[in-house]
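Novice: First the structure, which I've put down as structure tokens, then a few questions once you've had a look.
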Amino acid sequence: MAEQAVKKKKKTKPPVTESLLAPGHRACAGCGEALGAKLVMDAAGPNTYVTTCTGCLEVFSTPYPESAWKMPWIHSLFENSSAVAAGIEAALIAQGRDKDVNIIAQGGDGGTADIGIGCLSGMLERGHNILYVCYDNEAYMNTGVQRSGLTPFDARTSTTPVGKRSMGNQTNKKNLPEIAAAHGIPYSATATVGYPNDVIRKVQKALKIKGPKFLQIHVPCPLGWIHPTDQTIEVAKLAVLTGLIPIFEMEDGKLTRVRKIGKNRKPVEEYLKAQGRFRHLFKGTPEAEAELEKVRQIAEANIEKYGLA
Amino acid sequence: MAEDNIKLMQGNEACAYGALAAGVTFFGGYPITPSTEIAEILSREMPKNGGRFIQMEDEIASMAAIIGASVAGAKSMTATSGPGFSLMQENLGYAYMTEVPCVVVDVQRGGPSTGLPTKVAQADTMQAKWGTHGDFFPIVLAASTIEDTYHMTIKAFNLAEKYRTPVTLLLDEVLGHMREKIRIPDSSEVEIVNRIKPTVPPEWYQHFELTATHVSPMANYGEGYRFHMTGLTHDPSGFPTAKPAEIKEKLDKLKSKIMQNADDICAYSEEFLDDAHIVVIAYGITARAAQQAVRIARQRRFKVGLFQPITIWPFPEKRLRKILENADLAIVAELNQGQLIHEVRKIAKTKTRVVGTFRYDGELMTPMQIVDKIKEAHR
């Protein structure tokens, strides 16, 4: 009976009113990560085990004494969401309870690209049947906006301050989906809350594939990026349309699908101007103009590399 | 006369500016509440002073980077809290074994595990002593005021350089975040100690030379001296050894370097101890409550005094043993389930009863909790 009920529910479209990530959690207004997690959970369905590493998602979804998660969920530590998920998967297999079950390991950009990359790499390499979801809001938002390996070039964070001699973060965003793909895993993709249906499609596609999968979802953070809370979707879309955040799928290491931007392409300034963290690029000084040009080049390189035009 | 430079400062700020005054030239760290402000301030201030700030990918890398930086000649430092301090332990042992001066600031929060990121605790007292594997004789300091924090950050660097060893400074969430008045001393008032450099010709140089003080002169990378460094147990030349006599010699050197210089390293403060039959022992932020408690209890005619270890490790046991000779009762107050009390029990004679008063619910100890304990335990 229980099994039937589960199967039946899986076939239906993600419910609109009754989400598997319950409302009433403590995310900030306009939080892209909360939206992303809701999309992922509803796309995965109730028969899902979830691990979450330390970060905003863990904190805002489980304020004492409430949990927003309507499935088995565990807060691991900061570095080990993938490893805890690997243990869960192994135990379910050992007990013969791994049929029709999804295992999703998740983390933010810091917990995935920095401190957690060792455990992630091990999980991908060993071939666990797990979907790893990285919610990329491009800095350590939970501790107060420090840079991470996924912070974009020139962004202002509290550890890449802007001043007379500094234009913010001087390193490029780590290409995590390709690092994941380089493990030879069957599926590695990027998505954004700017295009929610694409997130749902990718999660459902990934969960049908056996083996390790990686999905990086771009999730704006109004607090850290400094934009109005009602602009989250708009900002997320602009990131894609400017070419700064390429949306693509890689299967077995090969690029198989991209979201073309074609004639909808927008100049990078539209995306950057929408956020306070890039305000220093618009001072009109020659230095600021030179930095803007570098950001334009990043977009240009993405468009060429992934064939977004 | 120049006016005093008086500021209102957070503990984490005082720590960052203390480090700058001590001459820190490298910081490698990773964001963690409640220590993050130290990294944030240094990310802004260090480049102005010719220093280098790197946000590392985790605490393992942070600790490793400050070791590398120190060997290359920098005064190096990291700052973290409990979970990060746990991750640093293996590298902390490496720094101890290879005798690399560096400073680790642990702004303690409630534990174990993720614990209470925004709440106060003093529960890393024993981790600072026994966190890494193997025998370990570290130098660990505990600050109790914002002004202390500034000066003890400098002291931590000085001790690290003087004794060629990692030094841990224990702060806590309240100290890290509260604001207090502080007088910033003029740079001429600040004593700075630098590592002893070798004077021998390069071909005679031994990186772990045996000396009378047990501290070996230290050449940095690129100064013309050739040396070997390894986490393996090594002889004075630095190369791994399996000879029992040399193994013992190395471990004795590491221990003696700290314990035979304990009189120089150990710092503590005392109040009302001359006629005290009851000794309150408190350190770090809890010493503030204990100071007030002792005053209240004195008004109530209890003959009580305060002993505040400033150096937690090595524990100032020589002095405390002397003090306890005249005491019937020792009360240890700490924000954990009882850690430093074991050190006091070790040295107390049968005549002195040792009792603890603890708090570990994420809140500060109040003076009245200590006063009540004095009343209750006194008989």
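Novice: Hey, B:Asp275 hits all of (1) among the acidic types (Asp, Glu); (2) within 22 Å of B:Leu169 (Cα to Cα); (3) over 20 Å from the mean Cα position of the chain (by Cα) but one; which does it fall short on?
Specialist: Condition (2) is where B:Asp275 drops out.
Novice: For the stretch B:14-47, what are the residues that are touching a residue at least 60 places away in the same chain (Cβ under 8 Å), out of contact with any Cys (no Cβ under 9 Å at 6 or more places or on another chain) and surrounded by fewer than 24 Cβ atoms within 10 Å (Cβ to Cβ)?
Specialist: Those that are touching a residue at least 60 places away in the same chain (Cβ under 8 Å), out of contact with any Cys (no Cβ under 9 Å at 6 or more places or on another chain) and surrounded by fewer than 24 Cβ atoms within 10 Å (Cβ to Cβ): B:Tyr17, B:Ala21, B:Gly23, B:Thr33.
Novice: Quick test of your reading of the structure: A:Ile200 fulfils all but one of (1) buried (at least 24 other Cβ atoms within 10 Å of the Cβ); (2) in contact with a helix residue (DSSP H, G or I) (Cβ under 8 Å, 6 or more places away or on another chain). Name the failing condition by number.
Specialist: Unmet condition: (1).
Novice: Regarding B:Thr149, is this residue over 25 Å from B:Thr230 (Cβ atoms), out of contact with any helix residue (DSSP H, G or I) (no Cβ under 8 Å at 6 or more places or on another chain), buried (at least 24 other Cβ atoms within 10 Å of the Cβ) and not aromatic (Phe, Trp, Tyr)?
Specialist: Criteria not met by B:Thr149.
Novice: Show me the strands (runs of 3 or more DSSP E) entirely contained within the stretch B:276-379 in which 3 or more residues are touching a residue at least 60 places away in the same chain (Cβ under 8 Å).
Specialist: B:278-282, B:304-309, B:311-313
Novice: Here are some residues: A:Ala29, A:Ala43, A:Ala22. Which one is surrounded by fewer than 16 Cβ atoms within 10 Å (Cβ to Cβ), within 26 Å of A:Val235 (Cα to Cα), touching a residue at least 40 places away in the same chain (Cβ under 8 Å) and in contact with a helix residue (DSSP H, G or I) (Cβ under 7 Å, 6 or more places away or on another chain)?
Specialist: After applying the criteria, what remains is A:Ala29.
Novice: State whether one or more residues within the stretch A:84-101 are within 14 Å of chain B (Cβ to nearest Cβ), within 26 Å of B:Ser86 (Cα to Cα) and more than 15 Å from the chain's Cα centre (by Cα).
Specialist: Yes; the residues of the stretch A:84-101 include at least one that is within 14 Å of chain B (Cβ to nearest Cβ), within 26 Å of B:Ser86 (Cα to Cα) and more than 15 Å from the chain's Cα centre (by Cα).
Novice: Could you check the stretch B:309-319 and list, in sequence order, the residues that are farther than 21 Å from B:Gln292 by Cβ and not basic (Lys, Arg)?
Specialist: Hits for the stretch B:309-319 are B:Thr311, B:Ile312, B:Trp313, B:Pro314, B:Phe315, B:Pro316, B:Glu317.
Novice: Six or more apart or on different chains, Cβ under 9 Å: which pairs go from a residue in the stretch B:48-61 that's modelled with pLDDT of 95 or more and polar (S, T, N, Q) to one that's assigned to a helix (DSSP H, G or I) and surrounded by 15 or more Cβ atoms within 10 Å (Cβ to Cβ)? Could you list them?
Specialist: B:Gln55/A:Asp114; B:Gln55/B:Ala39; B:Gln55/B:Ser43; B:Gln55/B:Ser62
Novice: Restricting attention to helices (runs of 4 or more DSSP H) lying wholly within the stretch B:103-206, give those where 1 or more residues are farther than 15 Å from B:Ala79 by Cβ and touching a strand residue (DSSP E or B) at 6+ places or on another chain (Cβ under 6 Å).
Specialist: Fully inside the stretch B:103-206 and qualifying: B:125-130, B:146-163.
Novice: Further question: In the stretch B:71-109, which residue that is among the small types (Gly, Ala, Ser) and within 14 Å of chain A (Cβ to nearest Cβ) is surrounded by the most Cβ atoms within 10 Å (Cβ to Cβ)?
Specialist: The qualifying residue surrounded by the most Cβ atoms within 10 Å (Cβ to Cβ) is B:Ala79.
Novice: With respect to the numbered conditions (1) part of a loop (DSSP other than H, G, I, E, B); (2) surrounded by fewer than 15 Cβ atoms within 10 Å (Cβ to Cβ), which one is the sole condition not fulfilled by B:Val215?
Specialist: Of everything listed in (1) part of a loop (DSSP other than H, G, I, E, B); (2) surrounded by fewer than 15 Cβ atoms within 10 Å (Cβ to Cβ), B:Val215 misses just condition (2).
Yes/no per residue for (1) farther than 27 Å from A:Gly243 by Cβ; (2) crowded, with 24+ Cβ neighbours inside 10 Å:
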| position | (1), (2) |
| --- | --- |
| A:Asn102 | yes, no |
| A:Gly110 | no, yes |
| A:Cys119 | yes, yes |
| A:Glu125 | yes, no |
| A:Ala139 | no, yes |
| A:Arg147 | no, yes |
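Novice: Let me ask something else about it. Give B:Gly68, B:Gly11 a once-over and let me know the one that is away from chain A (no Cβ under 12 Å) and buried (at least 20 other Cβ atoms within 10 Å of the Cβ).
Specialist: Just one listed residue meets the conditions, B:Gly11.
Novice: If you don't mind, there's one more thing I want to ask. I'm trying to understand the selection: among the residues of the stretch B:325-356, which are under 17 Å from B:Ala289 (Cβ atoms) and touching an Asp or Glu at 6+ places or on another chain (Cβ under 8 Å)?
Specialist: B:Leu335, B:Leu340, B:Ile341, B:Gly356
Novice: Condition test on A:Tyr132, is it within 14 Å of another protein chain (Cβ to nearest Cβ), within 18 Å of A:Thr54 (Cα to Cα) and within 14 Å of the chain's Cα centre (by Cα)?
Specialist: no
Novice: Okay, next question. If you take the residues in the stretch B:240-263 that are more than 26 Å from the chain's Cα centre (by Cα) and outside any helix (DSSP H, G or I), which one is surrounded by the fewest Cβ atoms within 10 Å (Cβ to Cβ)?
Specialist: B:Ala242
The values are calculated or read from the model by the stated rules, or taken from the named source; none is laboratory data. Predicted model, so just to flag it, every value in this text is computed and none were measured. Virtual Cβ from ideal backbone geometry, glycine too; neighbours counted across all protein chains shown.
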